[in-house]
Amino acid sequence: MVHIRISDLEKYAKENHVPIMLKDGIDFLTDYIKKNDIKNILEIGSAIGYSSIKMALVDCDIKVTTIERDDIMYNKAKENIETFNLNKQITIIHSDALDIELTDKYDLIFIDAAKAQYIKFFEKFKYNLKDSGVIITDNLSFHGLVEDSSNCSRNTKQLVKKIKNYIEFLKDNDEFETKFISIGDGISISKRIN
Ligand code: SAH
Ligand code: MG
């Protein structure tokens, strides 16, 4: 039997520069899941499976569907999910999230993938959200660069611009009301306006 701990995943992510959620960000997310009795979760961007494993461990009747397009990340996540014995709770889909159609509805949709595509993810997957559901997005601060990107490369500035566009999109949205929280790398919580 293989023994693995959450701290092993954190160590692996650090050593291999995998951008998993920051400690206070993931703590906030798992607390939110617990407090709001969230059971069905869709995650865009699995990486090595860290956040999906943390979310699944909140309660044994939580189900997580997570999507990852990168081959190496997908294989690593699959391996980690199996090692944690969470195959029954976590379903991982190997695909670009923008190329698949899901019919299920979720209590929580967690967007944590390519920042340039945040608006597309939101617009596509809002149809998979229950009426009472919530869309949470990570990395809206982008290591503080959204506040100040003056010393960055052109590429990074472009990406910062996309994140700012997403923030504006959320602020101007008539369908959803969004709260912005400066925890972890910046998180938003969007709920349908009734
Ligand atoms: N949620 C993870 C971290 C995800 S990092 C955690 O906190 O543990 C972002 C991941 O999203 C990367 O592995 C990247 O390959 C994946 N990704 C980016 N764009 C994607 C897309 N369009 N579809 C699916 N996965 C995507
Ligand atoms: Mg993230």
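Read-outs: derived from the displayed coordinates by stated rules, not from any lab. No experiment lies behind these values; they were computed from the predicted model shown. Backbone-built Cβ (ideal geometry, glycine too); neighbour counts: all protein chains shown.
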Report summary line: Taking r as the C-beta separation of ILE4 and ASN75 and R0 as 22 Å, the FRET efficiency to the nearest 0.05 is 0.90
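Percent antiparallel among DSSP beta bridges with both residues in the chain, to the nearest 5? All intermediate terms of the calculation are to be shown ahead of the outcome.
Numbers: 10 of 29 bridges.
Of those bridges, close to 35 percent are antiparallel.
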Report task. May I ask you to evaluate 6.51 cos²θ - 1.76 cosθ + 1.60, the Karplus curve with θ = phi - 60°, for each residue of region 150-164 and list the ³J(HN,Hα) values in order in whole Hz, giving x for glycine and proline? Result -> 4, 9, 9, 5, 4, 4, 5, 4, 4, 5, 4, 4, 5, 5, 4
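Rounded to the nearest whole Å³, what is the per residue volume of the convex hull around the Cα atoms of region 52-107? Walk me through the numbers before you get to the answer.
Working: hull volume 4.5 nm³, N = 56.
It comes to 80 Å³ per residue, whole-number rounded.
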Query raised in the report: If the viscosity is 1.306 mPa s and the temperature 10 °C, what translational diffusion coefficient in µm²/s does Stokes-Einstein give for the chain when Rh comes from Kirkwood over Cα pairs?
Result: 93
Report task. May I ask you to list the aspartates and glutamates whose Cα is less than 17 Å away from that of LYS34, ignoring any residue fewer than eight positions away on the same chain? Result -> ASP24, GLU43, ASP59, ASP61, ASP107
Query raised in the report: Using only Cα atoms, what Kirkwood radius does region 1-112 have, in angstroms?
Result: 14.1
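Taking Cα pairs under 8 Å and at least six residues apart, what relative contact order does the chain come out at, in percent?
Values: 327 pairs, mean separation 37.2, N = 194.
About 19 percent, as a whole number.
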Query raised in the report: What is the projected area of the convex hull of the Cα atoms of region 90-194, averaged over all directions, in nm²?
Result: 7.3
Query raised in the report: Which whole-number percent is the relative contact order of region 91-194 (Cα, under 8 Å, 6+ apart)?
Result: 28
Report task. For region 1-42, build the convex hull from the C-alpha positions and give me its volume per residue in Å³. Result -> 119
Query raised in the report: How much length is gained if the chain between LEU98 and ASP174 is pulled fully straight, taking 0.36 nm per residue apart and subtracting their Cα-Cα distance, in nm to one decimal?
Result: 25.0 nm
Query raised in the report: Quick one: which of LYS78/LYS162; LYS11/LYS179; LYS76/LYS162; LYS39/LYS105; LYS130/LYS157; LYS23/LYS162 span more than 23 angstrom between C-alpha atoms?
Result: LYS78/LYS162; LYS11/LYS179; LYS76/LYS162; LYS130/LYS157; LYS23/LYS162
